[in-house]
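Below is one structure, written out as C-alpha cells; comments come after it.
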Amino acid sequence: MIRPEPVRVVILGGGTAGWMTAAALAKLLPGQADIHLVESEEIGIVGVGEATLPHLREFIRRLGLDEMDFMRKTRATFKLGIDFVDFGAIGERYIHPFGAYGTDIAGVGFHHYWLRMKAAGRVPPICDFSLPIVASRARRFAPIPAGGDFLDSSYSYAYQFDATRMAPMLRAFAEAHGVRRSEGKVVGVDRDGTSGDIAALRTDRDETIAGDLFVDCSGFRALLIGEALGSPWEDWSQWLPCDRAAALPCTAPDGPIEPYTRATAMPAGWRWRIPLQHRVGNGYVYSSAHLSDDEACGAILGAIEGEPLADPRVLRFRAGRRTKSWDRNVVAIGLASGFLEPLESTSIHLVQQAVTRLVELFPQRRIDASDRDTFNALVDREYDRIRDFLILHYHATRRDDSDFWNHVRTMAVPETLQRKMDLWRTSGRVELYTQGLFLEASWVAVYLGQGVVPISYDQRADTPAPDRLAKSLTELDQAIRQRVAAWPDHGDYLRQAGAWEAA
Amino acid sequence: MSGAAGVTRSVLVVGDGVVGLAAAIALRRALPGAAVRLVQLPGDEDSWLNRLGAASPIIHRFHRQIGLDPRLFARRTNADPAYLRHYVRDGQPAVREASTAAIPFVEGVPLHHIWLRHRLEDGEGAPDFAAMLLALREARGDEGGFGPRFDIAAYQGLLGEMAAALDIDIAAVADVTVTADNGAVAGLSADGGAWLRADLYVDAAGPRSRLLTALGAGWTDWSDWLPKLSLSMSPDGGGAQGDERLAYEGGGIVWQTPVWRAALAPDATARGPGCLGRCWLGNAVAIGEAAVRAPTADGVGLGVALEDILRLIALLPRPDGGGQEQREYDRRAAIAYRALADWSGLSTAPGADGPPGLAEIGAAFAARGRVAIDELSPIQPGEWLARLMALGPPPRRVDPTAWALPDAVVRSTIARAAPARVPT
Ligand SMILES: Cc1cc2nc3c(=O)[nH]c(=O)nc-3n(C[C@H](O)[C@H](O)[C@H](O)COP(=O)(O)OP(=O)(O)OC[C@H]3O[C@@H](n4cnc5c(N)ncnc54)[C@H](O)[C@@H]3O)c2cc1C
C-alpha cells in the first residue's frame with residue numbers, strides 16, 4: 001500500500017479557530033485526515049473578533065466559498081484599513097491602509113520623496129497619496145478589477161464580520177466535507193503510558209474520542225496544550241500591558257457605513273469600533289493595573305455612538321504565546337496558542353497561518369520531530385514580528401496624559417524593535433523582510449502616522465528637479481481623487497453586489 | 001532636514017573588473033551629482049568572476065537598472081541563455097535540471113509532490129522532473145532560465161565603454177595603500193604617492209582586497225566546509241543552445257557551455273572560500289569577491305556580487321549618517337553569503353557534508369520535500385528545488401496534499417510533460 005493511512009485528527013473546540021481548522025483540513029486533505037471535532041455549547045465561544053486582514057480572502061478562496069454568500073451569512077462589511085485616533089498625540093489621527101502610499105519612483109520608495117518635499121515645506125499630508133485612505137474617508141468602496149492599472153493594484157481589502165456567525169457557517173461547510181462533530185464537555189484526557197502523548201479525550205457524555213493528532217482550539221482555557229501538557233508560556237505583558245476588554249455591541253447609525261475599523265486611544269488603553277451590516281461592535285481594551293472593570297464598562301458605555309444591545313462584557317487575557325505551539329501530538333491553534341490584542345486585527349490571521357502551516361507540515365500517524373520544530377519556528381516568527389509592530393503603536397507616542405501612556409512611552413522595547421526604530425529614525429528605511437504580515441508600507445504608515453519623522457531620507461530622492469517632482473505628486477493626488485469620486489458609496493456597493501443580508 | 005543633511009559627492013571604486021565597473025556605473029546612475037572614480041589594478045589571477053562568463057537571472061534586472069539594452073548585451077558578449085543542465089557523475093546515469101525561479105504549484109500542491117506521487121504509483125514510466133519544469137517553461141514563458149553564459153572579456157569591454165561614456169574617471173595604478181583613521185578610510189595612496197579621497201569607498205578589488213581588513217574586519221574561513229578549487233577556462237564552446245553539461249570527475253567538475261568550457265579542479269594552493277565578518281565599516285564597503293568567495297559551477301557567484309551592488313544602492317547612507325544603514329546592509333549581506341555557501345556546497349560537492357546550513361536544507365528536503373531557505377536568500381526557492389531534485393536524494397515522503405488530489409489532476413499534470421524531449 002503506497003498511499004498513507006489517514007491520520008485521525010481530533011479537534012477540541014468549535015470557535016472560529018476550531019472550525020477554520022476543521023474546514024481547511026477537510027477541504028485540503030480529503031482521505032488524508034479523518035476529522036472529529038468536539039465542542040461544548042454550554043461553554044460557548046469567545047464570539048468577538050470581528051475585524052480581519054486581507055489574507056482571509058485567500059482562505060475563503062481556497063475553501064471554494066462564494067464571497068458574497070460568506071458576507072451575507074456573517075453580515076460582513078468591507079475593510080480598507082484601520083483609523084487610529086489619538087495615538088501619536090491627542091487630536092491626531094491617521095489610517096493604516098491595506099496598501100502603500102504612492103508609487104515608487106526610479107526604484108526609490110515614495111515616502112522618501114514625500115519626506116524631501118515635506119522638508120522643503122511644500123507637500124500635502126502623505127495620506128492624500130493613498131487610494132484606500134482617500135476612499136475610507138469618503139466611505140466608498142469598489143472591488144479590485146482584474147488587469148487594472150497601478151492605482152487598482154495599490155490597495156487590498158478585508159472584512160468586518162459578526163464573529164458569532166463565522167463558526168456556524170464553517171461548521172456547515174466542514175460537516176458537508178465529512179467532519180464528524182460531537183457535543184460534550186471534555187472532562188478527561190487519556191495519555192499513552194509509554195510515550196506520554198495524548199491518546200483520547202473523554203466527555204461528560206461518556207464518549208471517548210481517540211486520535212493520532214490533537215488540535216487544541218479550546219480558547220483561553222488551553223485544555224490540552226496548557227492544562228494537560230503544561231507547555232510553557234512566554235509572557236509579553238511588560239510591553240503589552242493591556243489584559244482586559246469590555247465589549248459592547250450597539251445599534252448601527254443611519255447613513256454611510258465606514259469601510260474601516262476605528263481604534264481610538266483611551267487613558268488606559270484603546271477602544272475599537274467595527275461597523276457591521278446590522279450593528280456596530282465596540283470594546284475598550286485596557287490595562288487592569290491602570291483601570292477598574294467598572295470604570296472600563298462606564299467608559300465604553302459613554303463612548304458608543306448608538307443604543308447598547310447588551311450589557312458590557314468583560315474578557316480577560318494576557319499578551320504572549322506558548323514557547324511551543326506544537327508539543328508532542330498536540331497542536332494549539334487560536335487563543336489556546338497565544339494572544340495578541342486586536343489592535344491590528346491579527347488573531348484570526350494567526351489562526352489562518354497556523355492552519356496553513358499545519359497543512360504544509362501535516363504529519364503521518366507517527367509525528368516527526370522536525371515537522372514539529374519547523375512549525376514552531378514559523379509560528380514564533382509570525383508572532384514575534386506582530387508583537388514588535390503592536391508595541392510600536394504604544395511606544396511611538398508623545399502622550400503624557402496618564403500613567404498608562406507614560407509607562408508605554410518610556411518603557412524599554414525589545415531589541416529587535418529598537419533596531420528597526422533606530423534604522424527608521426536615522427535613514428527613513430525599514431528593516432527588510434518578506435515573510436511577515438506587516439511589511440514596509442505598514443511600518444511607514446505607523447511611523448509617520450504617529451509622528452516619528454526620520455532625520456534623513458534616501459539621497460536618491462533628491463535627484464528629480466523640485467518642480468517636476470511637485471507636479472507628479474499633484475498629478476497622483478488628483479488621479480486618486482478622481483478614481484475615488486467614481487467609486488460607489490460603501491453601503492450602496494454592499495447591496496448592489498449582493499453582500500447585504502436582508503434583515 | 002536637520003542632522004544628516006550630507007550628500008555623497010564622491011565615490012571611489014577600487015578594482016576595474018566586472019564587479020568594479022558594474023558598481024561604478026550603478027552608482028553613477030544612482031547619484032548623478034557625485035563624482036565616481038575607478039582605480040584600475042593589475043589583473044588578479046585568483047579572481048573567478050573576471051574569468052567566468054556566467055550570471056544568474058538577476059543580471060537582467062541589474063541591466064535594466066543601469067540602462068543596458070539586453071540585446072546589446074547579448075550581441076556583444078555572445079550570450080547564450082542557459083535553461084537545461086545535464087549532470088554526469090561517476091558511474092551514475094545522467095540527470096537533467098531545468099530552471100525555475102518560484103516553486104510551481106498546481107491546484108495548491110507543489111509540482112514536485114505531484115511528480116513524486118506519480119512516480120510511486122506508476123514507477124518507471126514517469127518523465128524526469130526536468131521535463132515537468134520544461135513543460136511549464138513552454139506554457140508560461142521563460143523566467144530567465146539559469147541566466148546567461150557569455151564572453152566575459154567582451155562584457156568587461158562593454159562595461160568599460162559604458163563607464164567612459166558616463167564620465168567615470170579611471171586611474172590605473174600598480175598598488176594602493178590604505179590609511180585608516182578612527183574606523184574609517186582616511187584616504188588611499190596610489191603607488192606610494194598621490195592621495196585619493198572620497199566620501200564612499202567601494203572595495204571591488206577581488207580576492208586580494210585589503211580595504212576592509214585594513215579597518216579591522218575579520219575573515220571567516222570556509223575551507224572546512226567547501227572544496228578548494230582552481231578555475232581554468234578554455235574558449236571551446238560546444239553543445240546545443242541553452243544546454244550545458246557538468247561532468248563530476250575526481251573531485252573536480254568540467255562544465256561545458258555553448259560559449260566556453262570551464263574546469264574546476266581540486267587545488268590545495270587555491271585561495272580558500274570564506275567571507276568577511278563585516279562588509280561595511282565606516283565609509284568603506286566590500287562587494288563581490290572582496291567580501292565573499294565560494295566556488296560555484298553556475299552564474300550565482302556573479303549574481304551574488306550584483307545583488308551586493310543593488311543592496312548597496314538601496315541602502316546608500318549619507319556620509320554623516322549614524323551607521324544604521326551599514327548595519328542593515330551587513331545583516332542582509334550575511335544572509336546572502338550564508339546562502340551562497342550552502343549553494344556552493346550543494347553544487348560543487350554534492351553528497352559531502354558542506355556548511356551546517358546546507359545540512360539542514362538537505363535534511364528538510366530529504367524528509368518531505370520542503371525547501372527550507374531564508375526569506376532573503378538571493379537564490380530563489382525554485383532554483384533550490386530544481387537543484388535538490390537533480391542532485392540530492394529525492395524526498396522520502398510525498399506531501400499529503402498531493403495524495404489528496406484527484407487522479408485526473410495528477411494524470412493531466414504529468415501528461416503535459418510526457419512528450420518530453422529526448423535527453424541528449
Ligand atoms: C476582546 C477581544 C477582541 C478580539 N478582536 C479580534 C479582532 O478584531 N480580530 C481578530 O482577528 N481577532 C480578534 N480576537 C481574537 C478572536 O476572537 C479569536 O482569535 C477567535 O475567536 C478564535 O477563538 P478560539 O476559537 O481560539 O476560541 P473560542 O472562541 O474561545 O473557542 C473555544 C472553543 O473551545 C470549546 N471548549 C473549551 N473548553 C472545552 C471543554 N472542556 N470541552 C469541550 N469544548 C470546550 C468551547 O466550547 C469553544 O467551542 C479578539 C479577542 C478578544 C478577546
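The values are calculated or read from the model by the stated rules, or taken from the named source; none is laboratory data. Small disclaimer: the values here were computed from a predicted structure and weren't measured. Methodologically, a virtual Cβ is constructed for each residue, glycine included, from the backbone with ideal geometry; neighbour enumeration extends over all protein chains shown. We work out accessible area using only protein heavy atoms, side chains counted, and drop any ligands, DNA or RNA first. Shrake-Rupley method; radii C 1.70, N 1.55, O 1.52, S 1.80 Å.
If I fit a long axis through the Cα atoms of helix B:356-368 and take the longest principal axis of the Cα atoms of chain B, what angle between them do I get, 0 to 90°, rounded to 10? Roughly 20 degrees, rounded to the nearest 10. Based on alpha carbons, the Rg and Dmax found for region A:209-288 are 18.1, 53 Å. Taking all Cα pairs closer than 8 Å and separated by 6 or more residues, the relative contact order of region A:317-414 comes to 23 percent. Take every DSSP beta bridge whose two residues both sit in chain A; close to 70 percent of them are antiparallel. Beta bridges assigned by DSSP with both partners in the protein assembly as shown are antiparallel in approximately 65 percent of cases.
Legend: residues in region A:23-38 shielded by at least 40 square angstrom of accessible surface upon adding the remaining protein chains to the isolated chain (1.4 Å probe, heavy atoms) are A:Gln32. Calculated from the alpha-carbon coordinates, region A:80-124 shows an Rg and a Dmax of 12.9, 37 Å respectively. Using only the alpha-carbon atoms, how far is helix B:129-140 inclined from the longest principal axis of chain B? Give it as 0 to 90 degrees, nearest 10. With both axes taken from Cα atoms, the answer is about 70 degrees. Take B:91-99, A:215-223, B:187-195 and order them by the average number of nearby Cβ atoms within 10 Å per residue, most first; the result is A:215-223, B:91-99, B:187-195.
Of the trypsin sites (Lys or Arg not before Pro) found in region B:1-93, those that fall in a DSSP loop while having at most 14 other beta-carbon atoms within 10 Å are B:Arg9. The label-point distance for B:Ala408 and B:Glu138, in a model that sets each label 7 Å from Cα toward Cβ, rounds to 2.3 nm. Legend: residues in region B:335-383 shielded by at least 30 square angstrom of accessible surface upon adding the remaining protein chains to the isolated chain (1.4 Å probe, heavy atoms) are B:Arg368, B:Arg370, B:Glu375, B:Leu376.
Relative to the longest principal axis of the Cα atoms of chain B, the long axis of helix B:111-122 makes an angle of roughly 30 degrees.
If you take the Cα centroid of region B:320-390 and the Cα centroid of region B:87-149, the two points sit 21 Å apart. Placing a label point 7 Å from the Cα of A:Glu501 along the Cα-to-Cβ line, the residues of region A:172-214 whose backbone N sits under 16 Å from it are A:172-173. The mean number of Cβ atoms from other chains found within 10 Å of a Cβ in peptide A:426-433 is 6, as a whole number. In region B:393-417, the residues whose accessible area drops by at least 30 square angstrom when the other protein chains are added to the isolated chain are B:Arg397, B:Pro400, B:Thr401, B:Trp403, B:Ala404; the probe is 1.4 Å and only protein heavy atoms count. Approximating the spin labels as points 7 Å out from Cα along Cα→Cβ, the B:Phe105-to-A:Asp401 distance works out to 4.6 nm. The simple spin-label model puts a point 7 Å past each Cα toward its Cβ; for A:Thr323 and A:Asp235 those points are separated by 1.5 nm. Inter-chain Cβ neighbour count for A:452-461, averaged per residue, equals 6 (cutoff 10 Å, partner chain atoms only). Summed over the residues of region A:19-155 and divided among them, the accessible surface reaches 36 Å² per residue at a probe radius of 1.4 Å. Per-residue mean of foreign Cβ neighbours for A:354-363 is 2 (Cβ atoms of other chains, 10 Å radius).
Computed from point charges on the beta carbon alone (+1 for Lys and Arg, -1 for Asp and Glu), the dipole magnitude for the protein assembly as shown about its Cα centre is near 940 Debye. Just the protein heavy atoms count here, and of the accessible area of chain B at 1.4 Å, carbon and sulfur take up 51 percent. Working from Cα pairs under 8 Å separated by at least six residues, relative contact order for chain A is 22 percent.
Within chain A, the proportion of C-alpha pairs whose separation exceeds 30 Å stands at 50%. Of all lysines in the structure, the ones whose alpha carbon falls short of 29 Å from that of A:Lys324, not counting any fewer than 8 places away in one chain, are A:Lys27, A:Lys185, A:Lys420.
Taking a quarter of the surface of the Cα convex hull of region A:255-322 gives a mean projected area of 5.9 nm². Note that region B:77-202 presents 43 Å² accessible area per residue, ligands and nucleic acids not counted, probe 1.4 Å. The order of the peptides A:254-267, B:196-209, A:487-500 by mean Cβ neighbours within 10 Å, most packed first, is B:196-209, A:254-267, A:487-500.
When the helices in chain A are scored as -39500 (n - 2.57) per DSSP H run of 4 or longer and the sum is shared across all residues, what 222 nm value do you end up with, to the nearest 500 deg cm²/dmol? It comes out at -10500 deg cm²/dmol, rounded to the nearest 500.
Among rounded, prolate and oblate, which fits region A:424-503 when a ≥ b ≥ c are the square roots of the eigenvalues of its C-alpha gyration tensor, a/c under 1.5 means rounded, and a/b larger than b/c means prolate? Note, shape of region A:424-503 comes out oblate. When the helices of chain B are scored as -39500 (n - 2.57) per DSSP H run of n ≥ 4 and the total is divided over every residue, the value at 222 nm lands at -11000 deg cm²/dmol. For region A:306-451, the gyration tensor built on C-alpha atoms gives an oblate shape. Its axis ratio a/c (a ≥ b ≥ c) is at least 1.5, and a/b is not larger than b/c.
Residue separation of A:Ser472 and A:Glu440 scaled by 0.36 nm, minus their Cα-Cα distance, works out to 9.3 nm of gained length.
For the peptides A:391-399, A:229-237, A:306-314, A:340-348, the ranking by mean Cβ contacts within 10 Å, running from highest to lowest, is A:340-348, A:391-399, A:229-237, A:306-314.
Under the shape rule built on the C-alpha gyration tensor, where the axes satisfy a ≥ b ≥ c, the protein assembly as shown is oblate, since a/c reaches at least 1.5 while a/b does not exceed b/c. Taking both sides together, the accessible area buried where B meets A is about 3200 Å² for a 1.4 Å probe.
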